[in-house]
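We did not get these values from a lab; they are worked out from the coordinates using the rules stated. Keep in mind it's a predicted model, so treat the numbers as computed, not measured. Don't worry about glycine lacking a Cβ; one is built from the backbone with ideal geometry, like all the others, and counts go over all protein chains shown.
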């Protein structure tokens, strides 16, 4: 039998959290959250900037997509070079 | 072939536990891009396509605790946590699980926090057993809620 979940502190502000909203920061304590790359604290994933240090959240895709495009262009260039040689 | 060793995963999950909460099962899973995109990328160019698929694959460490289902999106050799999603075990949303020869699939159909990943039996030591235990706990928790 699964025990009832006790009230754990809010992962965002540390205040005693009562689901569904933290009484202090008004955020959902069970909302998906990310770790800020700058201050290493937790912020709801839905917020664009860190709630603690205001650093804007970067997406991995911002460097992965250009890298993938470059890889395919490189493959295309190599195949053209090999074909014409 | 194992991506992570048990001490790394239990340490990463242990940092997310609350006082008195016990980690029961843990597993390593991935979410790859859609099969259509994988086929398209590999047909365009095999090596860049495979690299692209690897880059677009998300890695997860899932932990079942006495109170929650914890899902950590991780990256790197030391499983640096990128994102955390948690579900209260007493209020688990509808889920769909299946186990095949290689993979255990877990889908959580939550409108706010949807989740899907597949867990390779060689992803970690005892990954299959842990993933199946987590999958088995989902419907039980759902029925109890």
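When both the range A:39-60 and the range B:49-120 are represented by their alpha-carbon centers, they are found 21 Å apart. For the range B:6-144, pairs of C-alpha atoms spaced more than 25 angstrom apart make up 27 percent of the total.
Please compute the contact order of the range B:46-145 in relative form: average sequence separation of alpha-carbon pairs under 8 Å and at least six residues apart, divided by the residue count, as a percent.
So the answer I get is 19 percent.
Considering every alpha-carbon pair of the protein assembly as shown, the percent of pairs per 10 Å bin, from zero through the bin containing the longest distance, is 7, 28, 33, 20, 8, 3, 1, 0. Reported value for the range B:84-141: 80 Å³ per residue, from the convex hull of its C-alpha atoms.
This ranking places B:108, A:65 by how few other beta-carbon atoms lie within 10 Å of each, fewest first, which gives A:65, B:108.
Counting only alpha carbon atoms, the long axis of helix B:46-56 and the longest principal axis of chain B meet at about 20°. With the biggest extent put first, the Cα atoms of the range A:17-84 measure 69, 22, 14 Å across the principal axes. Working note: 222 nm ellipticity from helices only, DSSP H runs with n ≥ 4, each -39,500 (n - 2.57), summed and divided by the residues of chain A, gives -10000 deg cm²/dmol to the nearest 500. In terms of surrounding Cβ atoms within a 10 Å radius of their Cβ, B:6, A:28 rank from fewest to most as B:6, A:28.
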